[in-house]
Amino acid sequence: MSSAELSAGQGLLLEIVNMEGVVWAGPVRVVTVPGAEGAFGVLRGHTPLLTRLREGFVHLETPQGERISIYVSGGFVESQPHAVTVLADTAVRSADLDAARADAARQEAASVLHSELAGIDHALIQAELAHAAAQWAHELRGSSRNGSR
């Protein structure tokens, strides 16, 4: 989608950022985000909004019709009439998720979370645990649709 098409009212710009940098950025037709009060969709011209994100998946559709899902563990979303910005604690493209790695990470994060070691950053461990759990759940959903396991 060109800037001329965006100017003509045919989409909006989306940017998804985590603490490490930009996870996804570009033009979209529509984006659905897991808001604190429930999931909501955003099209061009949406009323300005700033709200918290809950754990879940951001679903977007590109101008070419490609559908992409990105897991977020929380954060904030800002919607403007021509742009949406997602500031996520954790954000990972679903294509980058791996079931075995996710389960191992979930188990490790849970183990560390429950240990009584001094100086542990519990907020970081909880974010890692939520991220691993989402990866594991996503892989389970995908394999049940494919008839495996």
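The values are calculated or read from the model by the stated rules, or taken from the named source; none is laboratory data. The shown structure was predicted, so the numbers you read here are calculated from the model rather than taken from an experiment. Positions of Cβ are backbone-derived with ideal geometry, glycine not excepted, and every protein chain shown enters the neighbour counts.
Below, the figures for the structure above:
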quantity	calculated
Lone qualifier among Ala127, Ala105, Ala118 - being modelled with pLDDT under 70, of a type in the set (A, V, I, L, M, F, W, C), within 17 Å of Glu55 (Cβ to Cβ) and not assigned by TED's automatic domain parsing to the domain that holds Ile70	Ala105
Close pairs (6 angstrom Cβ cut-off, 6 or more residues apart or separate chains): surrounded by fewer than 17 Cβ atoms within 10 Å (Cβ to Cβ) in segment 51-73, assigned to a loop (DSSP other than H, G, I, E, B) and hydrophobic (A, V, I, L, M, F, W, C) anywhere	Thr51/Ala36; Arg52/Ala36; Arg54/Ala36; Pro63/Met1
Members of segment 73-82 found to be assigned to a strand (DSSP E or B) and in contact with an Asp or Glu (Cβ under 7 Å, 6 or more places away or on another chain), listed by number	Gly75
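Residue-by-condition table, conditions (1) in a strand (DSSP E or B); (2) under 28 Å from Ala133 (Cα atoms); (3) at pLDDT 95 or above; (4) not assigned by TED's automatic domain parsing to the domain that holds His131:
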residue	(1), (2), (3), (4)
Gly9	no, no, no, yes
Leu14	yes, yes, yes, yes
Val23	yes, yes, no, yes
Ile68	yes, yes, no, yes
Val84	yes, yes, yes, yes
